[in-house]
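Inspection log for the structure reproduced underneath, given as structure tokens.
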Amino acid sequence: MAVTHAERVRLRFVFGGLAIVPLFLGGWFTWIQVLQKGDMKRPDGQRVALSAEAAAVQHRRTERLPSARGTIKDRHGSILAMDCDAFEVRAEVSTPKRARRDCAAMRTHFRDLARSLADALCRDEGLADRAAARAEHFQRLEKRLAEAFAIDKLPSAGPVPETFFWRREILVERGVAVLSVIEALEEFDRGADSVLLHMQHDHARVYPERQVTYGLVGYVEDEPVRNAAGKLLGFEARATAGLESVSSLLPGAPGEREFRVDAQNKRFFTGIGHAPSMPSLVESTIDLELQKAASRELERQAMAVSENDARRPLWGAMLLVEIETGDVLAAASWHRDVKHPRGAAFTPYQSLYEPGSIVKPLLFAYAHANCNLDWDRAYDCSSAGADHHCDVPEVGGRRVRDDHACGVLSSHGILVNSSNIGAVKVGSLLTRDDWARYLEVYGLRRSLELPMPNERQGHVASKGWLPGIKEPAFKKWTGSSYSIGYEHQVNALQMARAYLTMLSGHRRELRLVRAVEVDGKRIEQPVRRGEREFSDDTVQLVRAALGDVMSDDEGATGRHMVAAFRKEGTELVGLLAGKTGTAKSRTVIKGKGTVEVRNASFVGFMPAHAPRYLAVCVLQRDDSARFYGGSYAAPPAARLLLEAMRLEERRRPVQGSQVSATPGASGRGPLVAETGQAGR
Amino acid sequence: MKWVLCGITFALSVVLAVGTASYRAGNAKLRLQLEREYRSIEARMIEVRRLSLRTAELATPERLCDRLRDALKGSKAPQQESALWQ
């Protein structure tokens, strides 16, 4: 087929015209992307490199996947604290043209924006009072927008000044983890033309059973992190109390994920990136069930002291320790005047008190082991007058008072009757050096070295230890005061450690963390057992005396409680052993100055003949009314010990419980009959 | 003839360019969808973890006891009636 000249011209014209299009595009591209590349204004003033990488950077984004803070579990795996995945929502807010007309329109725009965001945040169906939550969110967001854009500085009417901020970023909410809220925020993001929401990965700290673990587990506070110019960069979790301060809980290396964005900030998938490191695990010694029981019993007892709130104890502490390992199974704290447990002292660790008579078994064990105390020797503990006083010649005639007339008693009898006169006479066997060692052996001045901050360590009154004080004067005043639990202050956990040492015959330490797991590697915390201090004979003698404290014997300080429990159907004789303490002292209370206080305390262990659990209970009352350890501190401790025994029986595997359920075979006394349905 | 071949080549290159662009656009659309799916799965995983923790919290012995007590309160009257009948 021959092509005519005219056709050829037409074809050339058409293809020539078509060829102009790519030539024009090529030229334009060269002008914009190559020749003018250095003239584009960049925030950092740098020229854009003519490379594919420079182009890729424009649409590449990276999101940080923060690692979770470690989890705290109780000894049976129940969670006490853990990080839950959540989003931190930030909004990049710009002002649309319609709002720039005048100041009134601008204010209305921000109010509507705050309202829309508040609506989205209230989509949580689990909210108890949605209207209140919405109002709260609205108020907060309106305030944040006002601060970010300096809306307060806007004129009341007229055009918006040129100096007004046109784009700002605000924090909308942290810890957003509810699906309906996330979806509502995403829907808002898709519909809003002047707001760009950034959902950044975050974690929300969760504490199941919070009310009973405040002081023990502690808490984490979000502290703002700012740069040198004072600009808020974000928040950093900082633990200031309880087990939360264990360093192994700190988050590990964060992960990272890349994605792409287009000019409208739409996100495009490029991969899942690399995950953050696994959170660590701290396995505490706490038994959540016993912790709840301890909190419940302590609160019930504190409330039962008086119907009048002002006459209730000022504070209370109760704890339970496993004797074999020194594990703290429960540590409950109670306060009268504190509105929120977060700000309150954790009493077992931070409240000091003069222990009173509960130190007598410690003294007698020490004197028997180190100062030739003859256990069978009879001491004349008779007293005179209505206040049962006696000027004890062994300590230079210091006047000591008893609660009741005692007569002649052996060491066993002194402990059972809790005779102060007898205790001072036994205490006179200790020299000043002996007393220093006594305090050292029981750790009454030593830190507990538990992984918790802000411990208030026990201490002694320094006056008695001044170099100028002679031995007789020390014995008369300081030594005799120590013998009956005065002139030194301890916290409840220190007292538990002292009894742990006495009952096991070795220097012992308490344990609050059983194991730590970091990067899949488990590190067990060893049971700390020091050198031997007391022979089995010494321990046996003291233990037998403490068993008789909880008997029907005339003068036994625990006899009223034994009778009260018997009425309720529980026989404590032979099952519970312990020592009651009642001390009168003075303490400084914020806002009240120095006031007289009464400390009711009790240390008990169970079973009496082969102790497995040790409980300490202290209640401090700030008035002069009679407040005995046997009546107020002992019952909740006894109930907690009984609960521990019941729980142990219930948790025992079925086969084990069948064996122990044979009457008389388990050696567990009256509890065996009660727990016949073991293994449930 | 050579002009025809030129035209066909041009048309092919245009088809190739449009095809590549549409392929890339389809790819980008898929990436967009994938990202949305990814975000939505992520949100659901967060929700599952939150709900499982909440369920565990609600199933403590004390709360289960309370619920059992409430349930028994409701069934107390019929039980008494049946006891009388027996």
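Nothing in this text is a laboratory measurement; each read-out follows from the coordinates by a stated rule. None of the values given here were measured: they were computed from a predicted structure. Counting neighbours? That spans all protein chains shown, and the Cβs are built from the backbone with ideal geometry, glycine included.
Quick notes
- Whole-angstrom gap from the range A:460-498 to the range A:584-636, using each part's C-alpha centre: 19 Å
- By the rule of a C-alpha distance below 25 Å, with chain neighbours fewer than 8 residues away ignored, the lysines paired with A:Lys463 are A:Lys360, A:Lys425, A:Lys475, A:Lys476, A:Lys584, A:Lys590.
- Amide H contacts of A:Arg511 (H built 1.01 Å from N, under 5 Å, at least 5 apart or other chain): A:Asp327, A:Val328
- Linear extension gain, B:Leu51 paired with B:Val15, 0.36 nm per residue minus alpha-carbon span: 7.7 nm
- For the peptides A:75-83, B:57-65, the ranking by mean Cβ contacts within 10 Å, running from highest to lowest, is A:75-83, B:57-65.
- Per-residue Cβ neighbour rank within 10 angstrom, fewest leading, A:Ser247, A:Ser481: A:Ser247, A:Ser481
- For the range A:165-240 and the range A:1-27, distance of Cα centres in Å: 63 Å
- Estimated FRET transfer efficiency when R0 is 56 angstrom, pair A:Glu568-A:Ala253 (beta carbons, to 0.05): 0.50
- About the Cα centre, charge dipole magnitude for chain A (Lys/Arg +1, Asp/Glu -1 at Cβ), debye: 1960 debye
- Shape category assigned to the range A:288-674 from the gyration tensor of Cα positions, a/c cut at 1.5: rounded
- Going from the fewest other Cβ atoms within 10 Å to the most, the residues A:Ser306, A:Ser601 appear in the order A:Ser306, A:Ser601.
- Within-15-Å neighbourhood charge of A:Lys476 [Cβ basis; K, R +1; D, E -1]: +3
- Length gained when the stretch A:Ala105-A:Val9 is fully extended (0.36 nm per residue, less Cα-Cα span): 28.2 nm
- Each residue, A:Ser78 and B:Lys73, gets one label point 7 Å from its Cα in the Cβ direction; the gap between the two is 2.4 nm.
- Loop-located trypsin sites (Lys or Arg not before Pro) in the range A:267-361, at most 13 other Cβ atoms within 10 Å (DSSP): A:Lys339
- Segment A:Val34-A:Ser194, length gained on full extension (0.36 nm per residue, minus Cα span): 54.3 nm
- Charge dipole magnitude, Cβ of K and R +1, D and E -1 - the range A:61-284, Cα centre, debye nearest 20: 740 debye
- Converting phi to 3J(HN,Hα) with the Karplus coefficients 6.51, -1.76 and 1.60 and the offset θ = phi - 60°, the range A:321-335 yields 10, 8, 5, 4, 10, x, 6, 7, 7, 8, 8, 9, 10, 9, 10 Hz in sequence order, with x at every glycine or proline.
- With a simple spin-label model that places each label point 7 Å from the Cα along the Cα-to-Cβ direction, the separation between A:Glu92 and A:Glu524 comes to 5.4 nm.
- Distance (nanometres) between label positions extended 7 Å along Cα→Cβ at A:Lys153 and B:Ser40: 4.4 nm
- Using C-alpha pairs under 8 Å with a sequence gap of at least 6, the mean separation divided by the residue count of chain A gives a relative contact order of 12 percent.
- Average beta carbon contacts from partner chains per residue of A:205-213, 10 Å cutoff: 2
- Reachable lysines, given that their alpha-carbon falls under 25 Å from the alpha-carbon of A:Lys266 and they are not under 8 places away in the same chain: A:Lys41, A:Lys97, B:Lys29
- Euclidean distance of C-alpha centroids, the range A:401-448 and the range A:504-572, integer Å: 19 Å
- Across peptide A:284-291, the mean count of Cβ atoms from other chains lying within 10 Å of each residue's own Cβ comes to 1.
- Ranked A:His335, A:His609, criterion: other C-beta atoms within 10 Å, fewest first: A:His609, A:His335
- When the protein assembly as shown is reduced to its Cα atoms, the Kirkwood hydrodynamic radius in Å: 32.3 Å
- Counting only Cβ charges, +1 for Lys and Arg and -1 for Asp and Glu, the dipole size of the range A:258-404 around its Cα centre is about 960 debye.
- Estimated FRET transfer efficiency when R0 is 25 angstrom, pair A:Arg437-A:Ser410 (beta carbons, to 0.05): 0.50
- Where only DSSP H runs of four or more residues are counted, the protein assembly as shown gives -12500 deg cm²/dmol as its mean residue ellipticity at 222 nm, each run worth -39500 (n - 2.57).
- Each DSSP beta bridge with both residues in the protein assembly as shown is either parallel or antiparallel, and the antiparallel ones are about 95%.
- Averaged over B:39-50, number of beta-carbon atoms from partner chains that fall within 10 Å: 6
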